[in-house]
Amino acid sequence: MQVAELIEKDLILIGATAIEDKLQEGVPDCIETLSRAGIKIWVLTGDKMETAINIAYACNLLNNEMKQFIISSETDGIREVEERGDQVEIARFIKEEVKKQLKKCLDEAQQYFYSVSGPKLALIIDGKCLMYALDPSLRIMLLNLSLNCSSVVCCRVSPLQKAQVTSLVKKGARKITLSIGDGANDVSMIQAAHIGVGISGLEGMQAVMASDFAIAQFRFLKDLLLVHGRWSYIRLCKVVTYFFYKNLTFTLTQFWFTFYTGFSGQRFYDDWFQSLYNVIFTALPVIIVGLFDKDVGSSLSKRYPELYKEGIKNMFFKWRVVAIWAFFAVYQSLVFYYFVTVSSSTSQGSSGKMFGLWDVSTMAFTCVVVTVNLRLLMICNSITRWHYISVGGSIVAWFLFIFLYSGIMTPYDRQENIFWVIYVLMSTFYFYITLLLVPVAALLGDFLYLGVQRWFFPYDYQIVQEIHKDEADDSGRTDLLGIDNQLTPDEARSYALSQLPRELSKHTGFAFDSPGYESFFASQLGVYAPQKAWDVARRASMRSKPKPKPNKIN
């Protein structure tokens, strides 16, 4: 310092330089949308407190209407203790100060929390105070205060502290955490969270390599969570609950049969029926639902980010939902077993022979396959041709199998009792009337329940569906990529030009071989695309190039 004071005097200031670290396009809008979706956003940064606060204001995380709790080590008392140089005293003093500040802020936050019209709360803490706040004796107080705040900003934190804060929320509050970063100092935080998202940028690929998902810009996080993440949650819930339902329905029909056999172990279904039920006859439709089902389009998912809260509350995979599926599985299994067994007790084939065990079980299994596949269509929010193909194909696959299985008899691993069963059944009027009435009776309860639920107790997405039911589907490729209203003017122009029709030349390989093609197509679509200098040069060269004379053949 003394040498600097000797050198840096009597100087003339010529100029000053500054480095601006601008936010990416769409970051404030993305953060505001995610906040509306019920996601609490914390900023863990290595910047100093003033810079972190300015960034938080730019990202709409902080505003002047918020009550801000600032816990900083830049106080007069801490500076005086640090000037003495006693490390033990410094640590003890800072820990006591942090404890006092946390207790004071927590008491004030609880007062605001119980008030009717209290302001939103925000916590701002620097790395030195955070180091002592993460002590086992204080971390519970820090966690309670943080959870009562709408926004949390931790500045001057190390990579280890980022991971510690993430683990504190993950294990202490038992919340689902997502960490997003673009640099090597974010790797530990990304790995500590449930879900890690890396941004591929100018700071290397370390964060991307350590993450679960990689995106190009921060604004794409809105599409990742509100569109694809939400669709994935709904699809998984439907797939899991439907698997539970269809297997419970199939198994309970055999369970009711054991009461009439004295639990002797007699089978109700043939072995191949049981083996192929989940592999062929009911497998493909649920896969199609897991791939293509969606309740609302991508633009509506981003227009109504509050729909994401249904996933936070786990509305589609709670015990009540599972119990409803189980109830209808029990009801349908009773319909399948008792309707078929009672109605077939006096039925007989075209030869006058009474129906036996394998006739009844084959009839019941046919009703099960048809009903559970049709039930899947009732839970779909969007039905495509693939749904019809998969459901119809599964039912057709069952009939093709039973035609072959019943019509071919071999001495190896065969049940002679199943021979010719389906042909005997289909030769009677009983088969067709049962195949019509049993699925209708089994699905009647589901139909009434879904109608009452949608009319009187609708989910949020069902309300949005009714509001926009007359609008065209907005799930085009352009909207899925999030390029409809998030591009800068230059990016929008580049994208528009990339969608122009291209006519490849067979001679040169250039996309627009003839000069002026690009400008012509762009003008047709209302996109400004000035002619390039090389287009003018190429046009001039084409005009000045003489045509070759044909060779004479003697």
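What residue, of Asn60, Asn64, is open to solvent by 60 Å² or more (accessible area, probe 1.4 Å), modelled with pLDDT under 90 and in contact with an Asp or Glu (Cβ under 7 Å, 6 or more places away or on another chain)? Working first, answer last.
On the way: Asn64 fails: in contact with an Asp or Glu (Cβ under 7 Å, 6 or more places away or on another chain).
One residue alone meets the criteria, Asn60.
Here are Thr51, Thr33, Thr17: which of them is among the hydroxyl-bearing types (Ser, Thr, Tyr), without any contact (Cβ under 8 Å) to a residue 24 or more places away in the chain and either open to solvent by less than 80 Å² (accessible area, probe 1.4 Å) or assigned to a loop (DSSP other than H, G, I, E, B) (or both)?
On the way: Thr51 fails: without any contact (Cβ under 8 Å) to a residue 24 or more places away in the chain; Thr33 fails: without any contact (Cβ under 8 Å) to a residue 24 or more places away in the chain.
Result: Thr17 is the single residue among Thr51, Thr33, Thr17 that is among the hydroxyl-bearing types (Ser, Thr, Tyr), without any contact (Cβ under 8 Å) to a residue 24 or more places away in the chain and either open to solvent by less than 80 Å² (accessible area, probe 1.4 Å) or assigned to a loop (DSSP other than H, G, I, E, B) (or both).
Hey, could you check the stretch 170-195 for residues that are touching a His at 6+ places or on another chain (Cβ under 8 Å) and either free of Cβ contacts under 8 Å to residues at least 12 places away in the same chain or assigned to a loop (DSSP other than H, G, I, E, B) (or both) and say which is most open to solvent (accessible area, probe 1.4 Å)? It would help to see each step written out before you state the result.
Restricting attention to the stretch 170-195, the residues satisfying the condition of being touching a His at 6+ places or on another chain (Cβ under 8 Å) are 170, 176-178.
Now restrict to residues that are either free of Cβ contacts under 8 Å to residues at least 12 places away in the same chain or assigned to a loop (DSSP other than H, G, I, E, B) (or both): 176-177.
On the way: Ile176: 136, Thr177: 17 Å².
Applying the filter and picking the extreme gives Ile176.
Please indicate, with yes or no, whether at least one residue in the stretch 242-256 is touching a residue at least 60 places away in the same chain (Cβ under 8 Å), open to solvent by less than 30 Å² (accessible area, probe 1.4 Å) and either in a loop (DSSP other than H, G, I, E, B) or more than 30 Å from Asp295 (Cα to Cα) (or both).
Yes, the stretch 242-256 contains a residue that is touching a residue at least 60 places away in the same chain (Cβ under 8 Å), open to solvent by less than 30 Å² (accessible area, probe 1.4 Å) and either in a loop (DSSP other than H, G, I, E, B) or more than 30 Å from Asp295 (Cα to Cα) (or both).
Where the second residue is small (Gly, Ala, Ser) and part of a loop (DSSP other than H, G, I, E, B) and the first is farther than 26 Å from Leu106 by Cα and lies in the stretch 69-88, which pairs have Cβ atoms under 9 Å and are six or more apart or on separate chains?
Glu82/Ser73
Of a type in the set (Val, Ile, Thr), in contact with a strand residue (DSSP E or B) (Cβ under 6 Å, 6 or more places away or on another chain) and in the same structural domain as Leu142 (by the TED database): which single residue out of Ile90, Ile71 fits that description? Break it down stepwise before answering.
Values: Ile90 fails: in contact with a strand residue (DSSP E or B) (Cβ under 6 Å, 6 or more places away or on another chain).
Checking each option against the conditions leaves just Ile71.
Does Ile402 satisfy being assigned to a loop (DSSP other than H, G, I, E, B), modelled with pLDDT under 95 and either loosely packed, with under 13 Cβ neighbours inside 10 Å or at negative phi (or both)? Give the derivation first.
Numbers: assigned to a loop (DSSP other than H, G, I, E, B): no; modelled with pLDDT under 95: yes; either loosely packed, with under 13 Cβ neighbours inside 10 Å or at negative phi (or both): yes.
So Ile402 fails the test.
Name the one entry in Tyr260, Tyr277, Tyr269 that is open to solvent by 80 Å² or more (accessible area, probe 1.4 Å) and not hydrophobic (A, V, I, L, M, F, W, C). Walk me through it before giving the result.
Details: Tyr277 fails: open to solvent by 80 Å² or more (accessible area, probe 1.4 Å); Tyr269 fails: open to solvent by 80 Å² or more (accessible area, probe 1.4 Å).
Of Tyr260, Tyr277, Tyr269, the one residue that is open to solvent by 80 Å² or more (accessible area, probe 1.4 Å) and not hydrophobic (A, V, I, L, M, F, W, C) is Tyr260.
Name the pairs: first residue in the stretch 370-391 and among the acidic types (Asp, Glu), second residue surrounded by 15 or more Cβ atoms within 10 Å (Cβ to Cβ), Cβ to Cβ under 9 Å, at least 6 apart or on different chains?
From the stretch 370-391, no pairs qualify.
Any residue at all in the stretch 196-213 that is open to solvent by less than 40 Å² (accessible area, probe 1.4 Å) and closer than 28 Å to Asn63 by Cβ?
Among the residues of the stretch 196-213, at least one is open to solvent by less than 40 Å² (accessible area, probe 1.4 Å) and closer than 28 Å to Asn63 by Cβ, which makes the answer yes.
So Val98 passes all but one of these: (1) in a helix (DSSP H, G or I); (2) open to solvent by 10 Å² or more (accessible area, probe 1.4 Å). Which condition number does it fail?
Of everything listed in (1) in a helix (DSSP H, G or I); (2) open to solvent by 10 Å² or more (accessible area, probe 1.4 Å), Val98 misses just condition (2).
I want to confirm something. Restricting to the stretch 283-297 and keeping residues that are among the β-branched types (Val, Ile, Thr) and over 10 Å from His387 (Cβ atoms), which single residue is most open to solvent (accessible area, probe 1.4 Å)?
Keep residues of the stretch 283-297 that are among the β-branched types (Val, Ile, Thr), which gives 286-289, 296.
Restricting the remaining residues to those that are over 10 Å from His387 (Cβ atoms) gives 286-287, 296.
Working: Val286: 5, Ile287: 89, Val296: 9 Å².
Looking at residues that are among the β-branched types (Val, Ile, Thr) and over 10 Å from His387 (Cβ atoms), I get Ile287.
Condition test on Ser298, is it in the same structural domain as Leu444 (by the TED database) and within 19 Å of Arg36 (Cα to Cα)?
Working: in the same structural domain as Leu444 (by the TED database): yes; within 19 Å of Arg36 (Cα to Cα): yes.
When the stated conditions are applied, Ser298 passes them.
For the stretch 67-86: of the residues being of a type in the set (A, V, I, L, M) and within 46 Å of the chain's Cα centre (by Cα), which is least open to solvent (accessible area, probe 1.4 Å)?
Here is the first cut: in the stretch 67-86, the ones of a type in the set (A, V, I, L, M) are 70-71, 78, 81.
Then keep just the ones that are within 46 Å of the chain's Cα centre (by Cα); that gives 70-71.
Values: Ile70: 78, Ile71: 3 Å².
Among those residues, the one meeting the criterion is Ile71.
Which of the residues spanning the stretch 101-123 are buried (at least 17 other Cβ atoms within 10 Å of the Cβ) and among the polar types (S, T, N, Q)?
Of everything in the stretch 101-123, just one residue is buried (at least 17 other Cβ atoms within 10 Å of the Cβ) and among the polar types (S, T, N, Q), namely Gln101.
Working only within the stretch 222-233, note down all residues that are open to solvent by 10 Å² or more (accessible area, probe 1.4 Å) and hydrophobic (A, V, I, L, M, F, W, C).
Residues satisfying the conditions are Leu224, Leu225, Trp231.
Every residue, every condition in (1) part of a loop (DSSP other than H, G, I, E, B); (2) more than 17 Å from Thr177 (Cβ to Cβ); (3) in contact with a Ser or Thr (Cβ under 8 Å, 6 or more places away or on another chain); (4) in the same structural domain as Thr75 (by the TED database), yes or no:
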{"residue": "Ala122", "(1), (2), (3), (4)": "no, yes, yes, yes"}
{"residue": "Cys129", "(1), (2), (3), (4)": "no, yes, yes, yes"}
{"residue": "Pro136", "(1), (2), (3), (4)": "yes, yes, no, yes"}
{"residue": "Ile140", "(1), (2), (3), (4)": "no, yes, no, yes"}
{"residue": "Ser146", "(1), (2), (3), (4)": "no, no, no, yes"}
{"residue": "Cys149", "(1), (2), (3), (4)": "yes, no, no, yes"}
{"residue": "Val152", "(1), (2), (3), (4)": "no, no, yes, yes"}
{"residue": "Lys162", "(1), (2), (3), (4)": "no, no, yes, no"}
{"residue": "Ser167", "(1), (2), (3), (4)": "no, no, no, no"}
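Could you go through the stretch 284-297 and let me know if any residue there is in a helix (DSSP H, G or I), of a type in the set (Phe, Trp, Tyr) and in contact (Cβ under 8 Å) with a residue 40 or more places away in the chain. Write out each step before concluding.
Step one: of the stretch 284-297, the residues in a helix (DSSP H, G or I) are 284-292.
Checking which are of a type in the set (Phe, Trp, Tyr) leaves us with 292.
Narrowing the set further to residues that are in contact (Cβ under 8 Å) with a residue 40 or more places away in the chain leaves 292.
Checking the stretch 284-297: at least one residue is in a helix (DSSP H, G or I), of a type in the set (Phe, Trp, Tyr) and in contact (Cβ under 8 Å) with a residue 40 or more places away in the chain.
The values are calculated or read from the model by the stated rules, or taken from the named source; none is laboratory data. Keep in mind that what you see is a predicted model, and the values were worked out from it rather than measured. Neighbour counts are summed over all protein chains in view; Cβ atoms, including those assigned to glycine, are modelled from backbone coordinates with ideal geometry. The accessibility values were calculated without ligands, DNA or RNA, using every heavy atom of the protein model including side chains. Shrake-Rupley method; radii C 1.70, N 1.55, O 1.52, S 1.80 Å.
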